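Engineer: Sending over a structure as C-alpha cells; questions will come in a sec.
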Amino acid sequence: MNAPTTRFRMATFAVALSAALAVLHDASAQATGAASAKPSRPRVALVLSGGGARGAAHVGVLKVLDELRIPVDCVVGTSMGSVVGGAFATGSTVPEMESLVSSVGLRDVLVDEPPRREKPIRRKEDDRTNYMGPEIGVRDGQLWLQPGIVSGVGLEAVLRRAVKVKGFVDFDRLPVPFRAVATDIENGHMVVIRDGEVAHAMRASLAIPGVIAPAQLDGRMLVDGMVVRNLPVDVGRELCGDVVIAVDVGTPLMKRNELTSLLAVSQQMLSILTNQNVEESLAELTPSDILIRVALEGFTVADFDRMREIAAAGEQSARGYVAELARLSLPEREYAALRARQVVPPPRDTRPIDQIRVTGLTRVNPEVVLGAMDTRPGEPPDPAMLDRDMQRIYGSGDFQHVDYRLIEEKGKRVLAVEALEKSWGPNFLRFGLTLSSDFTTNSYFNLLGSYRATWLNSLGGEFRGDAQVGRTNRLAAEFYQPVFANRYLFVAPRFEIQRSPIDLFVGDQRVARYDVRYGRAGLDVGTQLTRYGELRAGILAGTLNAELDTGPRLIAPRENVRQGAYTARLMFDQLDSLTFPRNGFGATANVFSSQSHLGADDQYTKWDADAVGAYSIGNHTLQLGAKAGGAVGSELPYYDQFSLGGFLQLSGLKSFQLYGGSVQFGRAAYLYRLSEGAIFQGSYLGLSLEAGRVTKPLVSSNDSGWQQGGALFVAADTPLGPVYLGYGIASGGNRSAYFLLGRP
C-alpha cells in the first residue's frame, strides 16, 4: 500500500471521528440544556495560482476538497486559477468542471475565427492566396503589428460556458464570493476585479502577454495577473480568509538547451518574474494556512489538449495533503447544506431582448454588424447563438475584439455588442509565397504583396491592390463598393497587368516557351449571397501581346491583340477549409465572351467550371473534385486555352504539360490525418487517383485522349502555408516527384 493511500485512509478516519464527536457534543449540549451555539468555524479562502493549462490541476484539488467536506467560503484566482475559481464561484460542480476541461483543447483557446462556412465570402476568397505571417497595419505612414497572436473571442466563448451567473454582478453576491487578479499593462499595477461579467474578469486575468490581446475593462488594458501576483494570498486573506488554502501549480523554468528562440527567452523572463512574486506571496502564509504544491512534471503551460490528465494529477497531489486538510472538515449535514446554497442554479432569464446596440465604432457601419447576427430583438438571448454571432462578426476581419453584455436600461433589456476596431488598421499589408518543384528543371515561385484599405466610406468601400513577381508577374487592383449596407449589391471597377509564360511540350519534353502579356480594365456588378457565395457580371477591355521566348516557332505569336469581353462568375463556397477540406462543398463557374462589337480582334466564348466536395469520418477524409472547360462555337485562341498537368492535376506529368482548347478532369483523393494541429490544420498522408484529357491540343502531336494519373503524398499545414511532398505516376510511364509550398 503506497504512502498517499495510507495517509488518505487515516485522514478519512480522522474526518469521520471528528464528525462523530461533533454529533455527541450536540447531543450532550441539548441534554444538559446548555447553549446550543458552538464557536463559529474559521472562514476558508481558496487561492488558486496561474500556470496556463497546468491550472486544470485545480479541478482535481477541488474534487479532493469536496470528498473531505472542506468548506470554501471565498475563492481568488489568477490566470487559469481565475477560470477554475470563477466557475466554482458561480455554482459549477466538480463533475461539471471535469466535463469542461475534458472537452476544451488548445484550438478552443487559440482560435478566434468562426468556422470557415460562417465567414463573409470576401474573406473566404483570401484563402486562395498563400499568405504568410501576420497581418501588418498601415496607419499614418507607419507599420503596426497586432497586440497579440489571438484576440480572445474564441476563448471567451469557452469561458461563458463555464460561468453559470450571467450579466453584470457584484462578485460578493455570487454563490461563493470571488476575485480575479489581473495586471494593468500601462503601469504594472495589480488589478483586483470585484464586479462585472465573470467571464470578462476571467479573460482579463488570463490574457497572456504577447499571446492573447490585452482585455479592455473599465478604461484599462489588462493582461495576465501572473505578472504581478500569481498566488494572491493577500487578496484571499482580505476577502474572507481566516485560513488560506493556497494551491500552486508552478511555472517551471526551461533548461538552457530549450532557450532556442526569442519567444522561449521571453517566456523564461515571464516565468522568472512569476516565480519571484510567488515566493513573496508564500512568505505571507501563516502556520494555520495550508499550501498545496501540485506535482506536474511533464506538463507544460501550453498542454491544453491534456487538461484531463492534468486534473487527475492535481487530484493525486491533493491526496497527499489530506491529513492537514482534515482539521477543516465539516460534518456531513453541515457541509451538504453549505454546498446546496453554493450550487443553486440561477433561474434562466427568458425575457426577450428589446434592443440590440453596437458600441465602440468609429469606422464600421453598425448596420453591417447587425446584419451579420442571427440574434434578433423580440427573442430571448441564446448564449450559443450569441457566441456564434460574435465569432462571425470578428471573422469579417474588421475588429480587434468583439464581445457582448446585457444591460437593464429604463425598463428595456438591451444587448450591447462591444466591437473594438483594429487598432493597427484600417489599412493592411499581407505577403504571400508559393513554390513548386519537380526536382528537375521545372521549378518556379511566385512572391505576392497585397495592400487592402477598408471602410473608405460608410457603406464599406474597400480598395485592394496586389503585386506579384515570379513565374507570373502581375499588378492588379479592385475597388469594391457596396451599394447598400446589407451588401446584396455591389460595383467593382478593376484593372490588371500580367505577364506569364506558356510552356509547350512534345511528350514530356519542354521545347518552347512563349511570353504572354496583357493589360485590361473592367467593371463588375454583383451580389454577395451572404456567407454562401457571390455572383458577378461585367465588361472589360484591353490589349494582349505574345512573343516567342525560347525554342522553335511552333505557333505564330501575335502582337497588340485587342480584347473586349463580357464576363460572369458564380461562386459557391461552403467548405470548412480550402487547403485541406474535410467537409463541405464548393464550386465556381466562369464565362468569358470575347466580342468584336466591344473592340475584340478575336470573337469567341470560353467557359469553365470546377467543383470539390469532402466528407470525413474521424481521421479519414474522402475528397472528390472535377473541372471542365471549353468553347461555345468558335475555337479558343492559343493565348486563352486550358492547361493540365502537375501535382494532383494528372500527377506524373510536368506542371502545365498539356495545353488545348478544352479540358475534362476528375480526381478522387483519400487523406488520413496523422496529427491534428491547434492553430494549423495538422498533417496528412494522402492518395490521389486522377483521370483527365485536353482535346484540340496546341501541339498537334500530343495525345488528346484520356490519361490516368495518381499520387502518394504527405502534407502539413505550417506557419508558411501548406507544404506537400509527393510522387506521381501517369499514363505512358510518366513519373515525377513534387515539392509544393501553397495550394496545388
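Engineer: Taking θ as phi - 60°, what are the ³J(HN,Hα) couplings along region 546-557 by the Karplus curve (6.51, -1.76, 1.60), each to the nearest whole Hz, with x for Gly and Pro?
Structural biologist: 9, 8, 6, 9, 9, x, x, 7, 7, 9, 8, x
Engineer: Apply the Kirkwood formula to region 572-630: the hydrodynamic radius equals the inverse of the mean of 1/r over all pairs of different alpha-carbon atoms; give it in Å with one decimal.
Structural biologist: Value: 13.5 Å, from the Cα pair sum.
Engineer: Continuing with this model, one more query. Taking 1 over the mean of 1/r across every pair of different Cα atoms in region 632-744, what Kirkwood radius in Å do you get?
Structural biologist: 15.0
Engineer: Where a ≥ b ≥ c are the square roots of the eigenvalues of the C-alpha gyration tensor, would you call region 325-464 rounded, which needs a/c under 1.5, or, failing that, prolate if a/b is larger than b/c, or oblate?
Structural biologist: Note, shape of region 325-464 comes out oblate.
Engineer: Next question, about the same structure. Might you tell me the accessible area per residue for the chain, computed with a 1.4 Å probe and given in Å²? Each step should come with its number before you reach the end.
Structural biologist: Values: 33210 Å² over 744 residues.
The answer is 45 Å² per residue.
Engineer: Using just the C-alpha positions of region 339-383 as equal point scatterers, what log10 of I(q)/I(0) does the Debye formula give at each q in 0.26 1/Å?
Structural biologist: -0.98
Engineer: Amide H to amide H, which residues 5 or more places from R139 or on other chains are under 5 Å from it, using H placed in the peptide plane?
Structural biologist: W144
Engineer: Also, I was wondering about something else. Can you show me the helix-derived [θ] at 222 nm for the chain, built from DSSP H runs with n ≥ 4 at -39,500 (n - 2.57) apiece and divided by the number of residues, rounded to the nearest 500.
Structural biologist: -6500 deg cm²/dmol
Engineer: So if R0 is 45 Å, what FRET efficiency would E324 and R743 give, r being the distance between their Cβ atoms, rounded to the nearest 0.05?
Structural biologist: Efficiency for this residue pair is about 0.15.
Engineer: Read phi for every residue in region 316-326 and hand back ³J(HN,Hα) as whole Hz from Karplus 6.51 cos²θ - 1.76 cosθ + 1.60, θ = phi - 60°, with x for Gly and Pro.
Structural biologist: Result, rounded to whole Hz: 4, 5, 5, 5, x, 10, 5, 5, 6, 6, 4.
Engineer: Here's something else I'd like to know. If I compute solvent accessible area with a 1.4 Å probe over the protein chains, what percent of it on region 496-598 is carbon and sulfur? Before the final figure, lay out the partial values.
Structural biologist: Details: 2570 of 4630 Å².
Exposed carbon and sulfur together represent 55 percent of the surface.
Engineer: Would you please give the FRET efficiency between L554 and V714, computed as 1/(1 + (r/R0)^6) with r the Cβ-Cβ distance and R0 = 35 Å, to the nearest 0.05?
Structural biologist: Once the sixth-power term is evaluated, E becomes 0.40.
Engineer: Using only Cα atoms, tell me the angle between helix 262-282 and the longest principal axis of the chain; keep it within 0 to 90° and round to the nearest 10.
Structural biologist: Tilt relative to the chain: about 10 degrees.
Engineer: Mind checking the angle between helix 332-342 and the chain's longest principal axis? C-alpha axes, 0 to 90 degrees, to the nearest 10.
Structural biologist: 40
Engineer: Please list, in chain and number order, the residues 5+ apart from V211 or on another chain whose amide H is under 5 Å from its amide H, with Hs placed from the backbone.
Structural biologist: Excluding prolines and chain starts, which carry no amide H, the hits are I149.
Engineer: Also, I was wondering about something else. Which of rounded, prolate, oblate describes region 136-291, given a ≥ b ≥ c as roots of the alpha-carbon gyration tensor eigenvalues and a/c under 1.5 marking rounded, otherwise prolate only if a/b is larger than b/c?
Structural biologist: Oblate, because a/c is 1.5 or more while a/b does not exceed b/c.
Engineer: While we're here: Could you work out the pair-distance distribution P(r) of region 386-520 from its alpha-carbon pairs, with 10 angstrom bin width and percents rounded to whole numbers?
Structural biologist: Once binned at 10 Å, the Cα pair distances of region 386-520 give 10, 24, 26, 18, 12, 6, 2, 1.
Engineer: Same structure, new question: Using a 1.4 Å probe on the protein heavy atoms only, what accessible surface does E284 show? Give it in Å² to the nearest 10.
Structural biologist: Here the residue's solvent-accessible area equals roughly 80 Å².
Engineer: Please report the Cα spread of the chain along all three principal axes, rounded to whole Å, starting with the longest.
Structural biologist: Between the extreme Cα coordinates on each principal axis of the chain lie 117, 63, 42 Å.
Engineer: Same structure again: Dipole size in debye (nearest 20) for region 135-291 around its Cα centre, Lys and Arg Cβ +1, Asp and Glu Cβ -1?
Structural biologist: Magnitude of the dipole: close to 520 debye.
Engineer: So if I average 1/r over every pair of distinct C-alpha atoms in region 100-144 and take the inverse, what Kirkwood radius in Å does that give? Mind showing how you got there, number by number?
Structural biologist: Values: mean 1/r = 0.0729 Å⁻¹.
Evaluated on region 100-144, it is 13.7 Å.
Engineer: Then there is this: Of P114, V84, V663, which is farthest on the positive side of the dipole of the chain, counting Cα position, with +1 on Lys and Arg Cβ, -1 on Asp and Glu Cβ, and the Cα centre as origin?
Structural biologist: Most positive-ward Cα: V663.
Engineer: Give me the compactness ratio for region 42-134, meaning the Cα radius of gyration over 2.2 N^0.38 Å.
Structural biologist: Rg over 2.2 N^0.38 Å, computed on Cα atoms: 1.54.
Engineer: Looking at region 375-437, which trypsin sites (Lys or Arg not before Pro) are DSSP coil and have at most 13 other C-beta atoms within 10 Å of their C-beta?
Structural biologist: Details: sites: R388, R392, R405, K410, K412, R413, K422, R430; in loops: K410, K422.
Filter output for region 375-437: K410.
Engineer: Assuming a ≥ b ≥ c are the square roots of the Cα gyration tensor eigenvalues, decide whether region 662-701 counts as rounded (a/c under 1.5), prolate (otherwise, with a/b larger than b/c) or oblate.
Structural biologist: It comes out prolate by the Cα gyration axes.
Engineer: So, counting K/R as plus one and D/E as minus one, what does the shell of residues with Cβ under 12 Å around G241 add up to? Mind showing how you got there, number by number?
Structural biologist: Values: positive: R43, R179, R237; negative: D73, D234, E238, D242, E284, D289.
Summing Lys and Arg as +1 and Asp and Glu as -1 gives -3.
Engineer: Output wanted: per-residue J couplings in Hz (rounded whole) for region 467-472, from phi through Karplus 6.51 cos²θ - 1.76 cosθ + 1.60, θ = phi - 60°, x for Gly and Pro.
Structural biologist: Those phi angles translate into 10, 9, 10, x, 4, 10 Hz.
Engineer: What is the gain in length, in nm to one decimal, between R363 and V483 on full extension, counting 0.36 nm per residue of separation less the C-alpha to C-alpha distance?
Structural biologist: My answer for the length gained is 41.5 nm.
Engineer: Over the chain, what is the percentage of antiparallel beta bridges among all DSSP beta bridges, to the nearest 5?
Structural biologist: Around 90 percent of the beta bridges assigned by DSSP in the chain are antiparallel ones.
Engineer: Rounding to the nearest 20 debye, state how big the charge dipole of region 277-404 is about its Cα centre with +1 on each Lys and Arg Cβ and -1 on each Asp and Glu Cβ.
Structural biologist: 400
Engineer: Placing +1 at every Lys and Arg Cβ and -1 at every Asp and Glu Cβ, with all other atoms neutral, what dipole size does region 58-172 have around its Cα centre, in debye to the nearest 20?
Structural biologist: Around 480 debye, computed over region 58-172.
Engineer: Right, something else. Relative to the longest principal axis of the chain, what angle (0 to 90°, nearest 10) does the C-alpha long axis of helix 153-162 take?
Structural biologist: It is inclined by approximately 30 degrees.
Engineer: Give the span of region 394-462's Cα atoms along each principal axis, as three whole-Å numbers ordered largest to smallest.
Structural biologist: Computed over the Cα atoms, the extents are 74, 26, 19 Å.
Engineer: I've got another one for you. Give the distance, in whole Å, between the Cα centre of region 121-184 and the Cα centre of region 399-414.
Structural biologist: Taking the Cα centre of each part, region 121-184 and region 399-414 sit 17 Å apart.
Engineer: Right, something else. Over region 157-222, what portion of Cα pair distances is larger than 13 Å, expressed as a whole percent?
Structural biologist: 62
Engineer: Go through A180, V163, Q146 and say which Cα lies farthest out towards the positive end of the charge dipole of region 146-186; charges sit on Cβ, +1 for Lys and Arg, -1 for Asp and Glu.
Structural biologist: Looking along the dipole axis, the top candidate is V163.
Engineer: Can you tally the net charge around Q664? Count Lys and Arg as +1, Asp and Glu as -1, for every other residue whose Cβ sits under 9 Å from the Cβ of Q664.
Structural biologist: Combined, the nearby Lys, Arg, Asp and Glu give +2.
Engineer: Right, here's the next one. Under a Cβ-Cβ cut-off of 12 Å, what is the net charge of the residues other than S683 that fall near it, where Lys and Arg count +1 and Asp and Glu count -1?
Structural biologist: With Lys, Arg at +1 and Asp, Glu at -1, the net is -1.
Engineer: Treating the Cα atoms of region 273-339 as identical point scatterers in vacuum, please give the log10 of the normalised Debye intensity I(q)/I(0) at q = 0.20, 0.25, 0.26 Å⁻¹, two decimals.
Structural biologist: These q points yield log10 I(q)/I(0) values of -1.05, -1.10, -1.11.
Engineer: Over what distance in Å are the Cα centres of region 616-631 and region 46-89 separated?
Structural biologist: 48
Engineer: Compute the separation of the alpha-carbon centres of region 643-660 and region 455-499 and state it in Å as a whole number.
Structural biologist: Measuring centre to centre over Cα atoms gives 31 Å.
Engineer: Quick one: which residues, 5+ away or cross-chain, put their amide H under 5 Å from the amide H of V191? H built at 1.01 Å from N.
Structural biologist: Under 5 Å from the amide H of V191: A182, T183, D184.
The values are calculated or read from the model by the stated rules, or taken from the named source; none is laboratory data. Quick caveat: nothing in here was measured; it's all calculated off a predicted structure. FYI the Cβ positions are ideal-geometry reconstructions off the backbone, even for glycines, and counts take in every protein chain you see. For the accessible areas, the whole protein counts, side chains as well, though only heavy atoms, and no ligand, DNA or RNA atoms are used. Shrake-Rupley method; radii C 1.70, N 1.55, O 1.52, S 1.80 Å.
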